[in-house]
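Every number here is computed from the coordinates shown, using simple stated rules; none is lab data. For clarity, every value in this text was computed on a predicted model and none was experimentally measured. Cβ placement follows ideal geometry from the backbone for every residue including glycine, while neighbour counts extend to all protein chains displayed.
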Amino acid sequence: MKDLIVVRGGGDLATGTIYKLRKCGFPVLILETAAPSAIRRNVAFSEAVYQGSQQVEDMTCRRADSLAEAVCLLEAGELPLLVDEPGQAIAALHPMAVVDAILAKRNLGTHREMAPITVALGPGFAAGVDVDAVVETQRGHNLGRVLWQGAAAPNTGVPGIIAGYGKERVIHSPAAGILRNVCHITDTVRKGQVIAEVETETGSVPVEATLDGLLRGLIRDGYPVTKGFKIADIDPRMGEYQNCFTISDKARCIAGGVVEAVLHLKGERGL
């Protein structure tokens, strides 16, 4: 428990970081909300909130229903997830490091006093002020770079380009209501095809595919959404079926930055 790292957030990008930290030998505790909204659910440890456990590649995460159970799982060498949005477990466990991987594009409460080492992913944090280090999450030359001063690039709201497509790859809810899935992750879809419906007070609103491709991500059936909420992700590369089950290049690159920051600060501070 001496080298315990608490990661706030268990979405697909956070999962890349969690996976790499565990492979490097660090015990990790994941803290999540009671209703996570991961789109790439097949590669998000946050799904353990709903299912009790979640396997990503060769690693399994198990939901703990109490802090005591989480500690038991850690002591057994397992990867636990605890529903603890405020991060109360951090004060109780005194981890070596806290990594904010919520990717909310703003700081939801992480600060440098939480642990000897604090790292945050993406915009919303100032390195050397809010946390010790910030890892760049915007695609491009600086993806995965560790920043020791200043902030990551601001959120553009435009997804990275894959096979010539950017904003078209991501689908947002056309209305507020309850999402009902028509298609499933790994389905091949065509532009204009109905992939889901949003149940509203006045009826169902169809959600259509914005391009031909592979449905790589889709929020779980029954999730309450607001208008404009990000709900699906289409990969225009039809032959990339296995990508639905593996951690992305972006997540692995960001994870490398986190490991670099943690190991550097651990050595520098003699932890």
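Each residue of region 65-72 was assigned a 3J(HN,Hα) from its phi angle through the Karplus curve 6.51 cos²θ - 1.76 cosθ + 1.60 (θ = phi - 60°); the sequence is 8, 7, 5, 4, 5, 4, 5, 4 Hz, with glycine and proline shown as x. Taken as Cα centroids, region 2-48 and region 252-271 sit 17 Å apart, rounded to the nearest whole angstrom.
The simple spin-label model puts a point 7 Å past each Cα toward its Cβ; for residue 72 and residue 55 those points are separated by 2.3 nm. For residue 118, the residues 5 or more places off, or on other chains, whose built amide H falls under 5 Å of its own are 98, 132, 133.
Here the relative contact order of the chain, from alpha carbon pairs under 8 Å that lie six or more residues apart, stands at 19 percent.
Quick one: plug the Kirkwood hydrodynamic radius of region 195-271 (C-alpha pairs) into Stokes-Einstein at 4 °C, 1.567 mPa s, and report D in µm²/s. Taking Rh from Cα pairs, D becomes 81 µm²/s. Among 42-48, 23-29, 3-9, the peptide with the highest mean count of other Cβ atoms within 10 Å heads the list, and the full ranking is 42-48, 3-9, 23-29.
With q set to 0.14, 0.16, 0.25 Å⁻¹, the log10 of I(q)/I(0) for region 167-236, from the Debye formula over equal scatterers at the Cα positions, is -0.34, -0.44, -1.06.
Which residues does a label at residue 168 reach in region 213-228, if reach means a backbone N under 20 Å from a point 7 Å past the Cα toward the Cβ? From region 213-228, the list is 213-218. Relative to its Kirkwood radius, the Cα radius of gyration of the chain gives an Rg/Rh of 0.97.
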